[in-house]
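Presented below is the structure to which this report refers.
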Amino acid sequence: MKPQHLVLACIAALVVSGPAARAQQQPPPVSQCQAIAQTIPKATFASFSGAQPVVPAVSEGEDVKLTFLGHSTFEINTPAGIIIATDYNGWYRPATLPDVVTMNKAHTTHFTLTPEPGIKHVLHGWRDVPGEAAKIDLVVGDAHIRNVTTDIRFSYGLGGSQQNGNSIFVFEIAGLCIGHLGHLHYELTDTHYTEIGRLDVVMVPVDGGLTMGADSMSRVIKRLRSSLILPMHRRGPPVNSFVSMFGKDFDVAYAPDDSITVSIRTLPKKPLIYVMKGVQ
């Protein structure tokens, strides 16, 4: 791979939510998924060009399990036993208290202000100061967690938008780059794609309007070119409205259950839209 195609870079700031998280700040880790080209936003990623992604050495058996709990909440289980819950609202809970929960603020179905006290890391994808961007760059066990902020529309037809109200969370685990798009309201810019970097697995809202229409969301997914696409946040239209936007370059599978186990070595060779039980 040519040097101008991909370079790994450190992420600068380390700001996390909650006193427990702040007490355990660490030096900024090196992101294995974020690619920063010489000129932003003209970044070229390995996954776009067809080249093999740059990943760290991964031991055999380092599997990550992803379980759909409901709405936009997934449970992520790392090889070291760290439990993460995405867009945590307190309604959909892992069987075991999670070590980390991430949240977004578009609706109360994506956050709770009263999480269980035993959760060590409560990560808000927004800041309480309007317009300020949350900056999360945290290592918990074998998981490196960071975020990329996007704008959101005001709720309930008020019009206008709020800067940095949503976070795309990226989980770097066992060589995998796993992204959760949150409550994505606008198509991503070139700068967003640069900040996100490579995503092997992406969790994508497919409600068809509360976030973005199926056509707009499909353009984001086609640009990300992830190996494994996990639909979530389906309300109203059937998931087929989203799936129908993709052609022969994507495979589709309807799962009999609500979880999947994946590793860097078992990723699908061709992009796969994997519709879990509960989303269908």
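The values are calculated or read from the model by the stated rules, or taken from the named source; none is laboratory data. Source: prediction; values computed, not measured. Each accessible area value is taken on the protein alone, full model and side chains, heavy atoms only, with ligands, DNA and RNA left out. Shrake-Rupley method; radii C 1.70, N 1.55, O 1.52, S 1.80 Å.
Quick one: how many residues across region 80-108 are part of a loop (DSSP other than H, G, I, E, B) and either within 15 Å of Leu66 (Cα to Cα) or modelled with pLDDT of 95 or more (or both)?
Step one: list which residues in region 80-108 are part of a loop (DSSP other than H, G, I, E, B), which gives 80-82, 86-99, 104-107.
Subsequent filtering for residues that are either within 15 Å of Leu66 (Cα to Cα) or modelled with pLDDT of 95 or more (or both) retains 80-82, 86-88, 92-99.
Count: 14.
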Inset, instruction - Output the number of residues of region 229-248 satisfying the condition of being over 22 Å from the mean Cα position of the chain (by Cα), modelled with pLDDT of 90 or more and within 17 Å of His183 (Cα to Cα). - result: 0
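Name the strands (runs of 3 or more DSSP E) wholly inside region 163-271 in which the number of residues that are open to solvent by 20 Å² or more (accessible area, probe 1.4 Å) is 1 or more. If you could, list the steps in order and put the result at the bottom.
Numbers: elements: 176-180, 201-205, 228-232, 251-254, 259-262.
Those strands (runs of 3 or more DSSP E) span 251-254, 259-262.
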